Amino acid sequence: VRFTSFAVTLLSAVSCSSAFVPKNMPSKPALVQLSAEKTVKLGIFGGGTVGGGIVDIIGKKGQYFEDLTAADIQVKKVCVRDASKERDWDTPEGCEIVTDFDEILKDDSIDMVVEVMGGTGLARTVVLEALKKGKSVVTANKALIAEHLDEIHSAVLETKGKAHFGYEAAVCGGIPIIQTLQTCYTGDVIHEIMGICNGTTNYMLGKMEKGADYDAVLKEAQDLGFAEADPTADVEGHDVRAKIAIIAKLAFGKTLQDVESIPCRGITEVSVVDFEYAKLLGCTIKLVGTAERLSQYGEHDGPLSVYVAPKMVPLSHLLASARGSGNAVAVDSANMGVCSYTGPGAGRYPTANSVVADVCRIASGNCVTDPFASSSDLEVENDYSSPFYIRVPFQDSLGIIRKMGELAENHGVSIHSILQNPIEDRQAADFVVTTEECKFSQVEALCADIDKQDFARSNALYMPLLVEL
């Protein structure tokens, strides 16, 4: 089953071809306009890329939203850092541009707060204060939710249904994965979720697959606005780590109290050489966030494992289809098997679209009352099992393969295959070992030993080898 972000929407208008319209009916039925039963006034924190997109969408589709939700949705105030700064969006009629948080938080006429300014300090204050005052909140802030999930959850519940909390835009931009997990798997049991949740790194890896150098690709991503001046959150996997923590809560009910304890490896050590070997293996490389129930015999009843790592992904796997800055999520469940959700993972309008969808759901009353309803006391075990890919940079000498076999045996790792491209420079070569399924800790210890060997010219790179679902 494959869904795209364009196929899952809040509400849709159905049109009929004239070939199927009865003779006595007009070929283009008129949309009946209903007068708004209420007015919903928004206060937006952040007037940048996403904030401007939200204002723009509401301005263009305001009447449509009113007809669908029976609510007149108005942007009353936008809080920004510098009110004098020129902006690339038009200020709605009756909307004020303010710089003081209290202009929104203490305004009793504002019903809903939209937080798209980022960060986890001031944003936390805005979200919690708004909820305390009974204002619903919509945010795109994954880092804030991941770090303060239980605190935000408690604040929502304390409003006793008066205020709601929407965060569709916090994970995978324009893909409606949050709403899907909240409402479409209630009768199902999820075994595993894997996601390409960061458009920047997916764009960079795609370019590297075509032969581009990491540093050159990073600069290109920064020039295009995909990567920040400080790209750490993207390239080290921290952005994906926050998102997979949120997904793990929705899918398995487990709050990961210390997000930084989630094993996390980024793409900084991946090179063009790895893509050469990936091609030999019939794979590509993707940065993947994973949350899964571990099991010894496929029963999926073990502890919960959550981690972020670059993975060797078979070209036939659905995650391999995510190109450019696109995102993809694969959900494996008891009732539906594997379903995939793909679409744009970032950008002004994809992200703003998800924010506006939450605003409309809350305005119409068509939203969940508990944003994190599932709860469990699952044990967390991040020493996951997988086949692994290990690339060993070496200086050529006798007995390297023999020594590699001894080290693998010492750590209980069974070698599946050894790959080596023709050596062009004996002082700077690489070979690859693929393993049978083993523990992450075993491979980590094995590579630490490999790095100590005289033949090792730099640290070994290791990553999971994804097996087809």
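The values are calculated or read from the model by the stated rules, or taken from the named source; none is laboratory data. Keep in mind that this is a model prediction, so the values were computed, not measured. Here Cβ is always computed from backbone atoms with ideal geometry, including for glycine, and neighbour counts include all displayed protein chains. Note: areas computed on protein heavy atoms with side chains; ligands, DNA, RNA excluded. Shrake-Rupley method; radii C 1.70, N 1.55, O 1.52, S 1.80 Å.
Odds and ends about this structure:
- Helices (runs of 4 or more DSSP H) wholly inside the stretch 60-153 that include at least 1 residues being among the hydrophobic types (A, V, I, L, M, F, W, C) and open to solvent by 50 Å² or more (accessible area, probe 1.4 Å): 122-132
- Residue check for Ser385: small (Gly, Ala, Ser), more than 25 Å from Leu294 (Cα to Cα) and modelled with pLDDT under 95: no
- Subset of the stretch 398-454 [in contact with an Asp or Glu (Cβ under 6 Å, 6 or more places away or on another chain) and modelled with pLDDT of 95 or more]: Leu407, Ser414, His416, Lys439, Phe440, Ser441
- Filter pass, Gln222 being within 24 Å of Ala322 (Cβ to Cβ), touching a residue at least 24 places away in the same chain (Cβ under 8 Å), open to solvent by 40 Å² or more (accessible area, probe 1.4 Å) and of a type in the set (S, T, N, Q): no
Okay, residues lined up against (1) open to solvent by less than 80 Å² (accessible area, probe 1.4 Å); (2) of a type outside the set (S, T, N, Q):
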{"position": "Arg402", "(1), (2)": "no, yes"}
{"position": "Asn410", "(1), (2)": "no, no"}
{"position": "Pro422", "(1), (2)": "no, yes"}
{"position": "Phe431", "(1), (2)": "yes, yes"}
{"position": "Thr435", "(1), (2)": "yes, no"}
{"position": "Val443", "(1), (2)": "yes, yes"}
{"position": "Asp449", "(1), (2)": "yes, yes"}
{"position": "Lys452", "(1), (2)": "no, yes"}
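- Count of residues meeting criterion [open to solvent by 10 Å² or more (accessible area, probe 1.4 Å) and hydrophobic (A, V, I, L, M, F, W, C)] in the stretch 381-399: 1
- In the condition set (1) open to solvent by less than 70 Å² (accessible area, probe 1.4 Å); (2) at pLDDT below 95, Phe3 is compliant with all but (1).
- Any chance Gly199 is at pLDDT below 95, buried (at least 16 other Cβ atoms within 10 Å of the Cβ) and either on the phi > 0 side of the Ramachandran plot or not basic (Lys, Arg) (or both): yes
- The stretch 369-379, subset surrounded by fewer than 16 Cβ atoms within 10 Å (Cβ to Cβ) and not polar (S, T, N, Q), residue farthest from Lys311 (Cα to Cα): Asp370
- Scope the stretch 86-122; condition closer than 12 Å to Ile44 by Cα and aliphatic (A, V, I, L, M); matching residues: Ile97, Val98, Ile104, Leu105, Ile110, Met112, Val113, Val114, Val116, Met117
- Candidate set: the stretch 175-189, residues that are outside any helix (DSSP H, G or I) and within 14 Å of the chain's Cα centre (by Cα); chosen: the one surrounded by the fewest Cβ atoms within 10 Å (Cβ to Cβ): Pro176
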